[in-house]
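Colleague: First, the structure itself, so that you have it in front of you.
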Amino acid sequence: MSSLRTAPAWRAAATFLLLALAGCAGSGERASAPATGAPLSISNATSGQLTKYLALVRATRPGAFAVSADGRNSFFTWCDDTTCKASNYSIPALNGCRSLAGQDCVVLYFRNQPRFAFSRTVDSEPGRHGSEQQERLDFGF
């Protein structure tokens, strides 16, 4: 009888582990959703930065957009070519966001693809924002 009560807990733990590993496997960075599991809410100023970022990246132009847990701070990095010296765009975006926000951040967009659901909210505090263009890789031809 006790094995029947622990089976659902074991399945839930295994499912959680599988989903966590699947979420991190695709891009190489440590991806995490908002702590509450609810969609992240970003400020108007962060939404404006996201619009700038999306205008710079495309399917062939890499980049990453990171946002703080409270949605008020952001940092993005991008390449204005198909290849740049950066091998991972999420790490500089996360590090830049963390240094501006003073708190944990998550990757909201990788290239032009959203990583998880979010909403936009009206607020009075603009937060801090930054960006960095990665250096093009020069093949010397």
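The values are calculated or read from the model by the stated rules, or taken from the named source; none is laboratory data. Bear in mind that the values here come from a model prediction, so they are computed numbers and not experimental data. Heads up, the Cβs are rebuilt from the backbone with ideal geometry, glycines too, and the neighbour counts pull from every protein chain shown.
Colleague: Out of the residues in segment 65-85 meeting the condition of being surrounded by 21 or more Cβ atoms within 10 Å (Cβ to Cβ) and either of a type in the set (S, T, N, Q) or at pLDDT below 95 (or both), tell me which one is farthest from Val122 (Cα to Cα).
Modeller: Per the stated criteria, the residue is Cys79.
Colleague: Taking segment 59-97, which residues are free of Cβ contacts under 8 Å to residues at least 24 places away in the same chain and either basic (Lys, Arg) or in contact with a Ser or Thr (Cβ under 9 Å, 6 or more places away or on another chain) (or both)?
Modeller: Hits for segment 59-97 are Thr60, Thr82.
Colleague: Taking the residues in segment 86-126 that are modelled with pLDDT of 90 or more and among the small types (Gly, Ala, Ser) as candidates, determine which candidate is surrounded by the most Cβ atoms within 10 Å (Cβ to Cβ).
Modeller: Ala93
Colleague: Could you tell me whether any residue of segment 4-23 is part of a helix (DSSP H, G or I), touching a Lys or Arg at 6+ places or on another chain (Cβ under 9 Å) and either more than 17 Å from Gln133 (Cα to Cα) or modelled with pLDDT of 50 or more (or both)?
Modeller: Looking for residues that are part of a helix (DSSP H, G or I), touching a Lys or Arg at 6+ places or on another chain (Cβ under 9 Å) and either more than 17 Å from Gln133 (Cα to Cα) or modelled with pLDDT of 50 or more (or both), one finds at least one in segment 4-23, hence yes.
Colleague: Within segment 111-122, how many residues turn out to be more than 16 Å from Thr46 (Cα to Cα) and outside any loop (DSSP other than H, G, I, E, B)?
Modeller: 1
Colleague: Something else about it: Working only within segment 70-104, note down all residues that are more than 18 Å from Val57 (Cβ to Cβ) and out of contact with any Gly (no Cβ under 7 Å at 6 or more places or on another chain).
Modeller: The answer is Asp70, Gly71, Asn95, Arg98, Ser99, Ala101, Gly102, Gln103, Asp104.
Colleague: Does at least one position in segment 72-90 carry a residue that is under 13 Å from Ser43 (Cβ atoms), in contact with a Cys (Cβ under 8 Å, 6 or more places away or on another chain) and not in a strand (DSSP E or B)?
Modeller: Yes, there is a match, as at least one residue in segment 72-90 is under 13 Å from Ser43 (Cβ atoms), in contact with a Cys (Cβ under 8 Å, 6 or more places away or on another chain) and not in a strand (DSSP E or B).
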